[in-house]
1. If Phe82 passes every condition in (1) surrounded by 14 or more Cβ atoms within 10 Å (Cβ to Cβ); (2) modelled with pLDDT of 95 or more but one, which one does it miss?
2. Hey, could you check segment 101-120 for residues that are within 30 Å of Ala26 (Cα to Cα) and β-branched (Val, Ile, Thr) and say which is modelled with the highest pLDDT?
3. Mind listing just one residue for me: the one in segment 68-118 that is in contact (Cβ under 8 Å) with a residue 12 or more places away in the chain and polar (S, T, N, Q) and, of those, nearest to Ala33 (Cα to Cα)?
4. Is it the case, given these coordinates, that Ala79 is closer than 24 Å to Ile129 by Cα, touching a helix residue (DSSP H, G or I) at 6+ places or on another chain (Cβ under 7 Å) and not aromatic (Phe, Trp, Tyr)?
5. Return the residues of segment 25-67 that are touching a residue at least 12 places away in the same chain (Cβ under 8 Å) and either of a type in the set (Gly, Ala, Ser) or touching a Pro at 6+ places or on another chain (Cβ under 9 Å) (or both); say none if nothing qualifies.
6. Scan segment 91-100 and give yes if some residue there is at pLDDT 90 or above, part of a helix (DSSP H, G or I) and not aliphatic (A, V, I, L, M), otherwise no.
7. Is it the case, given these coordinates, that Thr12 is at pLDDT 95 or above and either out of contact with any His (no Cβ under 9 Å at 6 or more places or on another chain) or assigned to a helix (DSSP H, G or I) (or both)?
8. For Thr29, work out the one condition from (1) more than 17 Å from Ala85 (Cβ to Cβ); (2) among the polar types (S, T, N, Q); (3) in a helix (DSSP H, G or I) it doesn't fulfil.
Amino acid sequence: MEDSAVTFALVTAVAWGVWSLLVKLATRTLEPAMAMVISYLAAVVVAAGYIVASGGVTPVTAAGTGYAVLGGVAASGGAVAFYIAVAQGQTAIVTPISGLYFVVAAVLGALVLGESLQLRQAAGILCAIVAIVLLGT
């Protein structure tokens, strides 16, 4: 894995950790869906700013657009569920469980994309599933 990919993954982890806290604070005074809409509007502004700052828009394809739209539907469905979960539960439990989405991504990556899943990675996924059970009880 490239060093830059690891760096960006670590930035993601920190940003999403802070995001989880801010969601909890937002849902103390806003309904979860409204908090999500406001949050995602801010995200659109940041993403558009990144596109402009990085030199502009690249060509758009029908297939890429379709996958992006479906990805947005999946992400927003998960986000609505996350905002509701954080509003109703403890951030210390909800965030780690929802953060285990990588288990689904790893399995789908192996099944759909043909990516390799080695024994060590499978053991990590099994440990993550055990963590879900322990956190959820």
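1. Looking at each condition in turn, Phe82 falls short on (2).
2. Per the stated criteria, the residue is Val104.
3. Ser76
4. Values: closer than 24 Å to Ile129 by Cα: yes; touching a helix residue (DSSP H, G or I) at 6+ places or on another chain (Cβ under 7 Å): yes; not aromatic (Phe, Trp, Tyr): yes.
Taking the combined requirement at face value, the residue satisfies it.
5. Ala26, Ala33, Ala35, Ser39
6. First, the residues of segment 91-100 that are at pLDDT 90 or above: none.
Checked segment 91-100: no residue is at pLDDT 90 or above, part of a helix (DSSP H, G or I) and not aliphatic (A, V, I, L, M).
7. Details: at pLDDT 95 or above: no; either out of contact with any His (no Cβ under 9 Å at 6 or more places or on another chain) or assigned to a helix (DSSP H, G or I) (or both): yes.
No: the conditions fail for Thr12.
8. Checking Thr29 against (1) more than 17 Å from Ala85 (Cβ to Cβ); (2) among the polar types (S, T, N, Q); (3) in a helix (DSSP H, G or I), the one that fails is (3).
The values are calculated or read from the model by the stated rules, or taken from the named source; none is laboratory data. The structure displayed is predicted, hence computed values, not measured ones. Neighbour counts run over all protein chains shown; Cβ positions are idealised from the backbone, glycine included.
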